[in-house]
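Some notes on the structure that comes next.
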Amino acid sequence: MNDEEYEVLSRYLGDLLDDVVEKFKYDVDVDEEYDELLGFIYRALVRAWFKGRRPPISRLEEKLREIRRREKKKLIILLSFYISRYLRMKRVLTLR
């Protein structure tokens, strides 16, 4: 994920990530793990929405804007799912 993609994801998902972590009491220190979590979510969204191909920044921003405006509740559920997967992955890696 480059700086532009980071900025776009941060703009459209940053506050929602904080809200989801707080609402569902996930064991994530957003201040310390924000970059890693955002990168994990970015890779997951690219796989799901763009079939694994890196989208142009304009297309990514358009998709995030549209989803956030039209289907915010579904986006919150999706973020919750990805945060739980991130935590599961992190837990598995620390067991090794």
Item checked: Options 20, 8, 30: the member that is closer than 16 Å to residue 86 by Cα, touching an Asp or Glu at 6+ places or on another chain (Cβ under 9 Å) and aliphatic (A, V, I, L, M) -> 30
Notebook entry, point to check: When you scan the stretch 75-96, how many residues do you find that are over 13 Å from the mean Cα position of the chain (by Cα) and among the small types (Gly, Ala, Ser)?
Noted result: 0
Item checked: When residues of the stretch 46-96 are limited to those that are among the β-branched types (Val, Ile, Thr) and within 20 Å of residue 1 (Cβ to Cβ), the one surrounded by the most Cβ atoms within 10 Å (Cβ to Cβ) -> 83
Next item on the list: Give the residues of the stretch 3-13 that are within 14 Å of residue 41 (Cβ to Cβ) and loosely packed, with under 14 Cβ neighbours inside 10 Å, sorted by residue number.
Entry: 11
Note to self: Among the residues that make up the stretch 30-44, is at least one of them in contact (Cβ under 8 Å) with a residue 40 or more places away in the chain and farther than 19 Å from residue 2 by Cβ?
What the structure shows: no
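Quick note: the coordinates plus some simple rules give every number you see, no bench work behind them. Everything quoted here is computed from the prediction, not taken from an experiment. Every residue, glycine among them, receives a Cβ derived from its backbone with ideal geometry; neighbour counts consider all protein chains shown.
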